[in-house]
Each structure stands twice: as structure tokens, then as C-alpha cells.
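Encoded as C-alpha cells, the structure appears first; notes follow it.
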Amino acid sequence: MEEQIPKIDLPEEWIVVGTEIKREVLYLYANYPVCLKCEMIILCMEGEIEATVNINKVHVQANDFFVLMPGSIIQIHRVEGKLKIYAMGFSHKYIKRNSQVQNTSEMLYWILGRPKLSLEATGATMLEEFFLFLSKVYKFISEENRMKMTDNLYRDAHTCISLLYKNKKANQTPKSKSELLCRNFMQLAVCHYAQTRNVAWYAKKLGITHAYLCSIVKKSTGNTCMNIISCMVIKNAKSQLKLTGLSIQAISDSLNFADISFFGKYFKRYTGMSPSEYRNKG
């Protein structure tokens with residue numbers, strides 16, 4: 001039986017890693033792709049990394065800020081120079097149960113393949129100081145007290161990320177119940193798109209009608225609920241087709257399609273080609 005694509009999660013609700021990330025650690029993910037169950041927020045201050053993230057090639061260098069959402073499939077290709085990298089992550093278990101979502105638009109941008117932001121040197125240095133501070137806090141306090149910090153840390157980190165990505169000065173606090181519901185839909189979609197594409201399921205989880213959910217998501221994002229979910233599904237499928245040796249049947253099963261025929265039709269509807277055609281395409 002073929003192995004599933006390896007999945008990476010965190011042992012605690014959140015972690016912060018300072019400059020301990022070495023070249024050898026990154027090269028553990030060079031020979032095969034891995035799928036993140038957790039969310040990772042990364043700052044590179046020195047060195048260069050070339051990798052594939054959801055079939056997109058990315059080049060990370062000094063002063064680059066990088067966000068990897070749950071479900072991202074990554075593979076390292078090249079590491080150059082002396083590395084100085086900081087990372088903070090939130091576990092899949094925490095994200096799945098957490099109802100605080102900070103700005104739908106930014107989450108959608110990350111999911112659709114815009115994970116990197118190049119910063120001015122001053123801004124990167126300020127973020128480095130933030131990571132260093134959190135790293136000291138993480139090492140100093142107990143796991144029980146770290147857990148008490150998680151909600152506030154998650155909220156504050158995502159407010160900061162939203163400001164960086166959109167360069168807005170406005171308060172990112174949801175302005176309406178509709179906006180909050182839309183953001184909660186995005187969080188649910190991130191966690192569950194591989195299990196269900198049924199919009200009615202998401203509406204039920206949010207305690208609203210299917211029609212109302214479709215209306216507020218379209219108004220807030222300019223996209224339909226189905227387009228948002230399908231975009232995540234197709235990104236995942238493309239990644240597995242290009243980066244793994246899994247059979248098309250196994251990929252179909254991993255994304256919870258009823259059968260391989262339905263998966264093939266779904267994939268072709270959004271890409272214009274069958275899964276095998278896409279896999280064999282140069």
C-alpha cells in the first residue's frame with residue numbers, strides 16, 4: 001500500500017523557535033514533500049531557501065516574512081548561506097477548535113499562493129525582536145501558562161500579519177456579525193475542505209442558512225463559498241499530483257471523493273484537464 005504524504009504538526013498549542021533552525025533540519029524535507037497540519041509563521045534574517053509550496057516555487061531570503069497555512073504542501077530544494085530563521089507555529093488541534101479568525105481576505109491570499117512578504121530592513125528587525133522576546137517567554141514559563149497565552153497570542157499575531165499584508169491602519173476588529181461569520185467560514189474551510197465540500201455543512205456548523213452564508217461570503221470576498229472551497233481542494237490535488245507518487249485513487253480518497261471518476265470530473269471542471277494529464281504535463 002502506498003504511503004500517505006507525511007504530515008507535520010506541533011506537540012503543543014504554540015511554539016516559537018529562535019535561531020536554532022539549522023540547514024540539516026530543513027534538508028529533512030528535501031527528499032519528499034510534507035503536508036503541514038499546523039500553521040507556521042516564519043521570518044528569515046539571513047540565508048536563502050528555495051522551496052515548493054503547493055506547486056509554486058518560492059525563494060526566501062533576508063527580510064522575508066512567510067506564512068504557511070494548514071494544508072500547505074512543502075518541499076525544500078536549496079539552502080544557501082548562514083541561516084538565521086525564526087518560526088512561530090500554532091497546532092492543528094488548536095486552530096481547529098479556535099473560533100477567532102483575523103481577516104478573511106488575508107487568509108484567502110495565503111491559501112491561494114501568496115505566502116511571502118518582503119519587508120524593509122527596519123520592519124524585519126522589529127519582527128526579529130518580537131520573535132526573540134517570544135522565544136524567551138516560551139522557554140521561561142510552564143506549558144500550562146503557555147496554554148493560557150495562546151488565544152491572545154494567536155489574535156495578536158494575526159492582527160499583525162493582517163496589517164503587514166494589507167498595509168492598513170484601520171482596526172482589524174470585525175465590524176459586523178456578517179463579517180465575523182464570513183471569517184469563521186474561512187477558518188472552517190481551511191480545516192475541513194478535504195473532508196467536505198458541502199456548503200450546507202458549513203452553514204449548519206455556523207448556525208445560519210445556506211443562502212445567508214453564500215450571500216455574506218460573496219459580499220465580503222467577491223467569491224462564492226464553493227469557489228473558495230474548490231480552490232483549496234484543487235491546490236491540494238495539484239500538489240499531490242506533482243509532488244508525490246500517490247496514485248490518483250489515493251489522492252481522490254484523501255480528498256474524500258466518492259470515487260475516482262467523480263474526482264476526475266471535478267478536477268477537469270476547474271483545470272481543463274484530467275488528473276493524469278496534469279500529472280504528466282511538463
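Considering only the stretch 120-153, state which residues are in contact with a helix residue (DSSP H, G or I) (Cβ under 7 Å, 6 or more places away or on another chain) and not hydroxyl-bearing (Ser, Thr, Tyr). Before the answer, list the steps.
Of the stretch 120-153, the ones in contact with a helix residue (DSSP H, G or I) (Cβ under 7 Å, 6 or more places away or on another chain) are 138, 146, 150.
Hit for the stretch 120-153 is 146, nothing else.
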**OP:** Write out, first by first residue and then by second, each pair whose Cβ atoms fall under 7 Å of each other, whose residues are 6+ apart or on separate chains, and whose first residue, in the stretch 173-202, is open to solvent by 40 Å² or more (accessible area, probe 1.4 Å) and among the aliphatic types (A, V, I, L, M) while the second is modelled with pLDDT of 80 or more and part of a helix (DSSP H, G or I).
**Re:** 200/210
Original post:
Out of the stretch 17-63, which residues are hydroxyl-bearing (Ser, Thr, Tyr) and open to solvent by 20 Å² or more (accessible area, probe 1.4 Å)?
Top reply: 19, 27, 29, 32
**OP:** For residue 72, work out the one condition from (1) closer than 30 Å to residue 148 by Cα; (2) open to solvent by 40 Å² or more (accessible area, probe 1.4 Å); (3) of a type in the set (S, T, N, Q); (4) under 19 Å from the mean Cα position of the chain (by Cα) it doesn't fulfil.
**Re:** (2)
Original post:
If residue 10 satisfies every condition in (1) part of a loop (DSSP other than H, G, I, E, B); (2) out of contact with any strand residue (DSSP E or B) (no Cβ under 6 Å at 6 or more places or on another chain); (3) open to solvent by less than 70 Å² (accessible area, probe 1.4 Å) but one, which is the exception?
Top reply: (2)
Original post:
Would you call residue 30 small (Gly, Ala, Ser), at pLDDT below 85 and within 26 Å of residue 233 (Cα to Cα)?
Top reply: yes
Original post:
What about residue 137, is it under 30 Å from residue 275 (Cα atoms) and among the β-branched types (Val, Ile, Thr)?
Top reply: no
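Which residue out of 118, 105 is modelled with pLDDT under 80, among the small types (Gly, Ala, Ser) and surrounded by fewer than 20 Cβ atoms within 10 Å (Cβ to Cβ)? Break it down into steps so the answer makes sense when it comes.
On the way: 118 fails: modelled with pLDDT under 80.
Exactly one of 118, 105 is modelled with pLDDT under 80, among the small types (Gly, Ala, Ser) and surrounded by fewer than 20 Cβ atoms within 10 Å (Cβ to Cβ), namely 105.
The values are calculated or read from the model by the stated rules, or taken from the named source; none is laboratory data. Values in this document were obtained by computation on a predicted structure and should not be read as measured data. When we count neighbours, we look across all protein chains shown, and the Cβ atoms used for this are built from the backbone with ideal geometry, even at glycine. All accessible areas refer to the heavy atoms of the entire protein, side chains included, with ligands and DNA or RNA removed. Shrake-Rupley method; radii C 1.70, N 1.55, O 1.52, S 1.80 Å.
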